[in-house]
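Worksheet: one structure, shown below.
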Amino acid sequence: MTTVDRWQLPDGVEEVLPRQARIVERLRREILDLYQQWGYQLVIPPLMEFTESLLIGLGRDLDLLTFKMTDQLSGRTLGIRADITPQVARIDAHSLAEAGVTRLCYAGSTLHTRPKSLLASRSPIQLGAELYGDDSLAGDVEVIRLMLATLGAAGVTQVTLDLGHVGVYEAVLAAAALTAEQEAEVFDALQRKSRPDLLLALADVPAPAAGLILGLLELHGDAAVLGTARELLAEAAPDALLAVAALESVAAAIARSHPGITVYFDLAELRGYHYHTGMVFAAYAPGHGQALANGGRYNDVGKVFGRARPATGFATDLKALMALVPASTDEPGAVSAPDSDDPALLAAVAALRKGGEIVIRCAGERPDPRCDRELVKADGEWALRPLDS
């Protein structure tokens, strides 16, 4: 290994340097304060847990994303969290076990064995909020509004809200009566939005059912899509109409609180299908190809921890939000203090720091380059003056 190699980080793993770290920490504090104002309580789950609880209930994808190791104390398998959501579900179901509605939020580092997408980080700082015990559309609306408020706190004002509902796909597949093998192939093709592959997967499926499934690929766009969905599904998959009505209701509620928002419907959206049970949603910003935040309803995720609970929530990556904050050359000024144990000087330094000033001891011949003022003694008193350039 050469000297240069020692400084390299694994692909998809980044260090956050001072200027970026200041932005990340400011966002973290402001957004967690925002969540508190909405009634969401902060929890701090551990970085690693036994895989039996860490990987339960959220599908095979999470298993593939999780780094695993053997615990030297117990001999059991540990996982480094790739997603904080199942940890919060465990806290709600087991550690807190409170009756009624529970609102929880979190912020912490996660680690992925591979990036979720081409440009994604393998070490995101996940931040999010979860609402337990509320199975109403009002609960979904609350969480979506909080997701939009999160992006607003990061300065993201132009947002496209992507809405879907897994109930549409479930109703169509139930009506089609596919074999398990056919369903797996159809799911894969729909998830990738590949019409040629979907046609291959439907080669042996009777025409009415195949046409119904192919129609899902076209059910995306503005609100007119909901009318098209009703026409397509009313007779063949009537159970899907409940999901369509739910989408219409949620979109109307969001439009009332966010009149200028663009809502995009995708009724074949299968992101997180293996654990989502209802509404799914994501937020996009112009010029940013990946979703800035996403979430959905995942009822009964706490069942494996002894308490099945309605649940809905969302998450975002603080590193992704950091990248959208405009670069600023305005760094906070600082005060240079002499290297002295003079009690009066120490008292002056303490008072300045208590007032929010950055005070840096001058450790060499020149003050720290961030300093624009200095403490000097004049007439027996320590006072501030501009630092000579």
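Rule-based calculations on the coordinates, nothing more; no lab input. If you're wondering where the values come from, they're calculated on a predicted model, not measured in any experiment. Cβ sites come from the backbone with ideal geometry, for glycine too, and all protein chains shown count toward neighbours.
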Inset, instruction - Could you check the simple spin-label distance between residue 94 and residue 188, using points 7 Å along Cα→Cβ, in nm with one decimal? - result: 3.4 nm
Inset, instruction - Give the angle, between 0 and 90 degrees and rounded to the nearest 10, that separates the Cα long axis of helix 166-176 from the longest principal axis of the Cα atoms of the chain. - result: 20 degrees
Inset, instruction - In nm, give the distance between the simple-model label positions of residue 234 and residue 307, each being 7 Å from the Cα along the Cα-to-Cβ direction. - result: 4.5 nm
Inset, instruction - Rounded to the nearest 10 degrees, what's the angle between the helix 224-233 long axis and the longest principal axis of the chain, both from Cα atoms, 0 to 90? - result: 40 degrees
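So how do 121-130, 306-315, 253-262 stack up, highest first, on mean other-Cβ count within 10 Å?
Values: 121-130: 22.6, 306-315: 20.7, 253-262: 13.1.
The most tightly packed comes first, giving 121-130, 306-315, 253-262.
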Legend entry - Note, ³J(HN,Hα) from phi for segment 337-344, Karplus 6.51, -1.76, 1.60, rounded to Hz, x at Gly and Pro: 10, x, 7, 8, 9, 4, x, 5
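Note down the magnitude of the dipole of segment 251-389 about its Cα centre, charges +1 on Lys and Arg C-beta and -1 on Asp and Glu C-beta and zero elsewhere, to the nearest 20 debye.
Details: 15 positive and 17 negative charges, 225 e Å.
Dipole of segment 251-389, to the nearest 20 debye: 1080 debye.
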Inset, instruction - First measure r as the distance between the Cβ atoms of residue 47 and residue 72, then evaluate 1/(1 + (r/R0)^6) with R0 = 25 Å and state the FRET efficiency to the nearest 0.05. - result: 0.95
Legend entry - Alpha-carbon centroids, segment 71-96 and segment 171-236: separation in whole Å: 37 Å
Legend entry - Environment charge at residue 203 (Cβ cut-off 12 Å; Lys +1, Arg +1, Asp -1, Glu -1): -3
Legend entry - 18 Å Cα-Cα reach of residue 68 towards lysines, excluding residues that sit fewer than 8 places from it in its own chain: 116
Inset, instruction - Would you mind ranking 48, 279 so that the residue whose beta carbon has the fewest other beta carbons within 10 Å leads the list? - result: 48, 279
Inset, instruction - Once you have a ≥ b ≥ c as the square roots of the Cα gyration tensor eigenvalues for segment 133-248, tell me rounded if a/c is under 1.5, and otherwise prolate or oblate according to whether a/b is larger than b/c. - result: prolate
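With viscosity set to 1.306 mPa s and temperature to 10 °C, compute the Stokes-Einstein D of the chain, Rh being the Kirkwood radius across alpha carbon pairs; µm²/s, no decimals.
Working: Rh = 24.1 Å.
The calculation lands on 66 µm²/s.
When the dipole is taken about the Cα centre of the chain, and only Lys, Arg (+1) and Asp, Glu (-1) are charged at their Cβ, what size is it in debye, to the nearest 20? Numbers along the way, then the final one.
Values: 35 positive and 51 negative charges, 107 e Å.
Here the chain has a charge dipole of around 520 debye.
Can you tell me what percent of all Cα-Cα pairs in segment 334-386 are more than 15 Å apart? Write down the numbers at each step before the final one.
Numbers: 556 of 1378 pairs.
Beyond 15 Å sits 40 percent of the P(r) for segment 334-386.
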Inset, instruction - Find how many whole Å separate the alpha carbon centroid of segment 347-385 from the alpha carbon centroid of segment 253-301. - result: 50 Å
Inset, instruction - Describe numerically, in nm with one decimal, the distance between label points set 7 Å from Cα along Cα→Cβ at residue 368 and at residue 384. - result: 1.5 nm
Inset, instruction - Determine the sum of side-chain charges near residue 139: Lys and Arg each +1, Asp and Glu each -1, restricted to other residues whose C-beta is under 15 angstrom from that of residue 139. - result: -3
Inset, instruction - State, as an integer percentage, the relative contact order of segment 334-386 based on alpha-carbon contacts under 8 Å between residues 6 or more apart. - result: 44 percent
Legend entry - In sequence order, calculated HN-Hα J values of segment 151-165 (Karplus, 6.51, -1.76, 1.60; Hz; x Gly/Pro): 5, x, 5, 8, x, 8, 9, 9, 10, 9, 9, 9, 10, x, 8
Inset, instruction - Arrange 250, 101 by Cβ neighbour counts within 10 Å, fewest through most, would you? - result: 101, 250
Legend entry - Positive-end residue, segment 161-263 charge dipole about Cα centroid, Cβ charges, pick of 213, 260, 187: 260
Inset, instruction - Relative to the longest principal axis of the C-alpha atoms of the chain, give the angle of the C-alpha long axis of helix 18-37, reported between 0 and 90° and rounded to the nearest 10°. - result: 60 degrees
